[in-house]
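Student: Supplied in structure tokens, the structure appears directly below.
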Amino acid sequence: MKQYEKAVVILSGGLDSTTCLGVAVQEGEEVYALTFDYGQRHRIEIESAKKVAEYYRVKEHQIATLPFLRAIGGSALTDKEIAVPHSGVIANEIPVTYVPGRNLIFLSIATAYAEVVGANAIYLGVNALDYSGYPDCRPAFIESFARTATLATKAGAMGATLQIKTPLLYLSKAEIVTLGTKLGVPYELTSSCYEGGSVACGVCDSCRLRRKGFAEAGLTDPIAYSERIDVV
């Protein structure tokens with residue numbers, strides 16, 4: 001019988017994290033999925049994460065609640081007084097959808113979870129191309145955190161190395177969609193819209209990026225949108 005390696009996959013329920021989970025499964029990992037409920041406007045993604053985890057029959061699916069991120073606000077995703085942008089992503093500009101410290105916090109909790117279950121890798125679906133303005137999606141941050149995690153944990157002190165795997169880091173959205181389609185990723189179960197409605201708005205920055213990715217890949221997005229405009 002094959003001995004699987006254990007891995008924690010940070011699963012939001014969106015396109016990127018679900019593709020990341022698909023990659024982990026394809027690489028033969030025994031997956032422990034970790035989803036965060038931080039009071040996000042688009043809470044519908046949590047339900048998507050549950051469906052994706054069930055689809056892949058992951059070993060375990062934990063949902064960590066972080067109400068403090070909503071309490072402090074500072075992002076269009078956690079503060080309803082800040083409008084979700086519909087104008088499209090501006091390169092090298094940090095958008096209002098940036099959640100202060102989000103990936104730093106997520107990875108810290110995932111590190112603790114990995115230590116407990118004996119996982120030697122954490123998969124994170126960050127992408128440096130589409131969201132180059134997010135400081136916590138940049139390669140320098142990922143590399144730095146991996147070093148810090150080794151220094152900060154019992155496992156690291158005993159000589160174990162925790163890998164932070166980011167298989168989508170340098171892929172365009174079209175390349176991500178193409179990869180996921182080849183792996184049979186169930187995109188029909190995913191949710192990407194920042195507005196958080198039962199049907200994706202089609203015009204927020206996240207919807208635009210997703211639709212653009214499918215269009216450039218020459219593939220059909222299986223989810224519905226309430227509005228359809230030319231993607232740029």
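Student: Net charge near Ile63, counting Lys/Arg +1 and Asp/Glu -1 over other residues with Cβ under 12 Å of its Cβ? Spell out each step's value before the answer.
Tutor: Values: positive: Arg43, Lys50; negative: Asp37, Glu45, Glu47, Glu60.
Surrounding charge for Ile63 is -2.
Student: Something else: To test your reading of the geometry: what angle, between 0 and 90 degrees and rounded to tens, separates the Cα axis of helix 15-26 from the longest principal axis of the chain?
Tutor: Helix 15-26 sits roughly 40 degrees off the main axis of the chain.
Student: Compute, for region 5-172, the length of the dipole vector about the Cα centre, with Cβ point charges of +1 (Lys, Arg) and -1 (Asp, Glu) only. Units Debye, rounded to 20.
Tutor: Here the size comes out at about 220 debye.
Student: Counting only residues 5 or more places away or on other chains, whose amide H sits under 5 Å from the amide H of Lys6 once H atoms are built in the peptide plane?
Tutor: Glu30, Asn120
Student: Another question, if that's okay. Taking 7 Å along the Cα-to-C-beta vector as the label spot, tell me the Ile63-Glu93 distance in nanometres, rounded to one decimal.
Tutor: 3.5 nm
Student: So how far, in whole Å, is the C-alpha centre of region 1-64 from the one of region 166-232?
Tutor: Here the answer is 18 Å between Cα centres.
Student: Next question, about the same structure. Helix 44-56 sits at what angle to the longest principal axis of the chain, using alpha carbons and giving 0 to 90 degrees rounded to 10?
Tutor: 50 degrees
Student: Right, here's the next one. Give me the orientation-averaged projected area of the Cα convex hull of region 16-86, in nm², one decimal. Working shown, then result.
Tutor: Working: hull surface 21.6 nm².
Across all orientations, region 16-86 yields a mean hull projection of 5.4 nm².
Student: Take the Cα gyration tensor of the chain, multiply each eigenvalue by 5, square-root it, and list the three semi-axes largest first, rounded to whole angstrom.
Tutor: 27, 20, 16
Student: In addition: Kindly identify region 108-232 as rounded, prolate or oblate by the Cα gyration tensor criterion: order the square roots of the eigenvalues as a ≥ b ≥ c, call it rounded if a/c is under 1.5, otherwise compare a/b with b/c, prolate if a/b is larger, else oblate.
Tutor: Details: a/c = 2.42, a/b = 2.28, b/c = 1.06.
Prolate.
Student: Lysine pairs, Cα distance under 13 Å, 8 or more residues apart or cross-chain: how many in the chain? List each step's numbers first, then the result.
Tutor: Details: Lys6/Lys59; Lys6/Lys165; Lys50/Lys59; Lys173/Lys212.
Total qualifying Lys-Lys pairs in the chain comes to 4.
Where a number appears in this text, it was derived from the coordinates with a stated rule and is not lab data. These figures come from a predicted structure and were not determined experimentally. Using ideal geometry, Cβ is built from the backbone for each residue, glycine included, and neighbour counts are taken over all protein chains shown.
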